[in-house]
Each structure stands twice: as structure tokens, then as C-alpha cells.
Amino acid sequence: MLNLGTVYAWSFFQKPLCETYGWSNSQVVWTFSLAICFLGLSAAAGGLILPKSGPRPLALAGAVLFGAGYLLAALALRMHSLPLLYLGYGVIGGIGLGLGYVTPVATVARWFPDRRGLATGTVVMGFGFGALLMSKVIAPSLLRTVGGDMVLAFTVMGVLFLALSLASAAFIRNPTASSLANDTAGTVSDSDTVTAGICIFSRPFVLMWLIFFCNITAGIALIGFQSPLFQDVCAKRDPALGMEALAGYGGTLIAASSVFNGVGRFLWGAFSDRLGRLRTFRLILVSQIAAFALLMQTSHPWLFATLVCYILLCYGGGFGTMPSFVLDMFGARLMPAVYGAILTAWSAAGIAGPQIVATMKDHFPGHPGLASFYSFAVAICFLGTGLLLSFFMKERRRG
């Protein structure tokens, strides 16, 4: 999960790729959007395959495809080819992300049925920390070593992630059948005759999908552009800052927010064991509305950074809470398939969120503050919609 989570540091490469290759913000961010889109789609497929194949084959396949995505991205940059970058990092790497992501989450939930929020939150916390690893350790060290050569940097990262992910995936397995004897079915799927298809088209699933989508869209819009947005704020505050200093500030924010993203997955997931999944989501959504409203008004860099970190704390909290929410509603038997399907909300949000900010930045190239203002206003609309939808469903806790 730590290796896979490096995708969240994409904004570290957003501005350099635009400047080096002459591509627009919208063109470059489509790489990230496609990676998240295919993450969700392949996670849905992986959830259906997982009960039959077991976790290890899927995890190994995800590791191979994820590493291959970086290697193909290196080739694309060498050839100055956007389509190949989309195919490599976006499609192939994204499929690897999805297969690798859904497997440990669904598996750890089976190991710890009495502390699902805590267990799944701890595992997905690794994904949130991936951006810290990338933005403050791997990417800066590599780029300094190779003299800023993006092609060579992506090649080394591909080899590194391939080796580390394969080594980790080799250890994933399900618990024995006896340890699952007391793991009863969920409230929607009490009968063995209920299928994943029935659950996916049920009213609770649709509402959960929409709430998840709204929370992800607001957060991932920031993730895709947090470094450039923060650099804009810092440059406005101190016009004397050079490009290297601004890039350093952007990388520091990615690192700091990734810690909050990771901790939020653990913290909110554990908190939901006590408060309840639905109440936790409501608190996550309403507090972010306030945070985005403050973001619209501030021009102080460190207040801006603090609010971004809190929003990422809540963004991660959604991912830490949702696996146990699915388990409560649909049970362990159907969890891999239903959870995989609900991750398609991530796919849709991965396109919607970054593209909203990219469109604003391209539409107002000389007015970064205005682009940020409208982007944050749209995020508030998504969060408000998710909060409203949460009052149309009832939570059922498992015993």
C-alpha cells in the first residue's frame, strides 16, 4: 500500500511536466485522472475475482502492472508521447493500482472481524503515506541524482516499485476457515441467496456510492494540484521566491498532507467503530465544508497548508471508514465484490476532481486566486450534496 500510494504525489510532477514538455494542465492531469479511474474499475473487477483466486495472485498481478506503468511512462516521456503516458501510467499502472489496493483491504478485514474499522484503516493508512515517501524521499533524491532527467527517474522508480511490491504481495493470504466461523453476514445480505449484483443495485449501495464519490471528488481535486496551488499562494505572498524554493514548498505540503491523509484513514476508521459509520461520514463532510470555505478566503500560506492537511485528513477518513461500512451493510461473504464495486466512485471522482481544477487553472491562467476560489466553491457543492444524501439512509450496526 505504501508503494501504491506514491500515485498521490502526482502533483509533484504536474508543474515540471507542463513546463518541460509544453503540455497544458488539463493534458498532464489526465494521466493522474486515468490512473485513479482505472484503479476503481480494476478494483471492482478484482473484488469479483478475489473470492475465487485468493489474494496473493491478484496482489502479484497488481505489483507487476504498477511497476510496468512507471516503465512505460518513462518510455512515453522519452518519446514525448502523451497517449503512451496515458496508456502506461494511467491505464496499465491504474489497473495495477486497483488490483493491488482492493486485495489487502478485503483480506485484512477477514483477519480482524471484531475491529474492522481499525484494521482496514491501518492498512489503507499505508496508501496515504505513499505521497510522503515519493515527495520527500524518492522523487527529490532521484531527480538530484540524475540531474533532473525525468525519463531516467521514472525508469528507476518503475524498477524499485516493481521489486518492493512483488516482495510484499508474496506474503498476503486469507485466514483459515475456522477463524471466520463467527463472522456473520451483514444486514442487507443475511441470506446466502443474496448476490453481489442484488446488493450493488440496492438503495443503500447507491447512497453509499454517491456519498463516497462526493467526499473523494473534493479531496482528490486538491491532491492533484496541491503543490501548484500552494506555490501560487506562496508566490503571491512573496514574489521574490524562485522556482526551486516554490517547488520545495510544494513538495513539503505534499509530504505533510500525506501524513494527514494516512493518519486520517486510521483515525477516522477507528473512530467509526465507536461513533458509527454514517455519523462519521457526516462529521467528515460537514467539517470539510467549513475548511473549504476558509480556503476561499485565505491568502496566508501556512493557514492554507493547515486547511489542506485537514481536508486530506478527512479525505483519508472516507477511505478508512468505507471498508467497514460495506462490511456492516453487506457482510464478509460479499465484501470483496461490493467493496470493489463501490471503489468505482473513486474512478469517477478521479476524473471529475482534478479536471475541475485543471479547467479553472487553464481558464484563468493569469488569475490563480480566482481559479482556486471557483475550484473550492465547486468542492463545497460536492460535499454539501454528500451530506444531504447521508440523511436519506439509515445505518445498521453489526453485533
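For ARG144, ARG282, the sequence from fewest to most other C-beta atoms within 10 Å is ARG144, ARG282.
Comparing mean-square fluctuations of ASP114, ASP238, ASP328 from a GNM of the chain with C-alpha springs under 10 Å, the top value falls on ASP238. Ordering VAL146, VAL124 from the fewest to the most neighbouring beta carbons within 10 Å gives VAL146, VAL124.
For ARG333, ARG237, ARG265, which order do you get if you count the other beta carbons within 10 Å of each Cβ and list the fewest first? Don't jump to the answer; show the numbers that get you there.
On the way: ARG333 18, ARG237 13, ARG265 31.
Listing ARG333, ARG237, ARG265 from fewest to most nearby Cβ atoms yields ARG237, ARG333, ARG265.
Listed options for P(r) over Cα pairs in 20 Å bins from 0, in percent are (1) 22, 41, 25, 12, 1, 0; (2) 30, 58, 12, 0; (3) 26, 51, 18, 5, 0. The value calculated from this structure is the one marked (2).
Distance between the 7 Å Cα→Cβ label points at LEU294 and ALA170: 4.7 nm. Among the complete DSSP H segments of the chain, which ones combine at least 27 Å of alpha-carbon extent along their axis with a mean Kyte-Doolittle hydropathy of -1.0 or more? Long hydrophobic helices here: 25-53, 55-79, 93-111, 150-169, 203-237, 243-275, 277-297, 301-330, 344-363, 368-390. Percent of Cα pairs in region 294-392 per distance bin of 5 Å, from zero to the largest separation: 2, 11, 15, 21, 19, 13, 9, 6, 4, 1, 0.
Report, in deg cm²/dmol and to the nearest 500, the calculated mean residue ellipticity at 222 nm for the chain, where each DSSP H run with n ≥ 4 adds -39500 (n - 2.57) and the sum is divided by the residue count. Walk me through the numbers before you get to the answer.
Details: 16 runs with 308 residues, N = 399.
Value at 222 nm, helices only: -26500 deg cm²/dmol.
Per 0.36 nm of contour for each residue apart, how much would the distance between PHE392 and LEU275 grow if the chain were fully extended, relative to their Cα-Cα spacing? Can you show the working numbers first?
Numbers: separation 117, 0.36 × 117 = 42.12 nm, distance 1.84 nm.
Result for the pair: 40.3 nm of gain on full extension.
With Cα atoms defining each centre, region 303-336 and region 36-64 are spaced 20 Å apart in the structure.
Annotation: lysines with alpha-carbon distance below 30 angstrom to LYS136 (same-chain offsets under eight excluded): LYS15, LYS236, LYS361. Picking from GLN355, LEU307, MET393, whose Cα lies most toward the positive end of the charge dipole for region 301-399 (charges on Cβ: Lys, Arg +1; Asp, Glu -1)? Towards the positive end, the residue furthest out is MET393.
Pick out, in residue order, every one of the chymotrypsin sites (Phe, Trp or Tyr not before Pro) in region 84-172 that is DSSP loop and has at most 11 other C-beta atoms within 10 Å; say none if there are none.
Details: sites: TYR86, TYR89, TYR101, TRP111, PHE127, PHE129, PHE154, PHE161, PHE171; in loops: PHE171.
Passing sites in region 84-172 are PHE171.
Just so you know, all these numbers are worked out from the coordinates, no wet-lab data involved. Just so it is clear, the model here is predicted, and its values are computed rather than measured. Here Cβ is always computed from backbone atoms with ideal geometry, including for glycine, and neighbour counts include all displayed protein chains.
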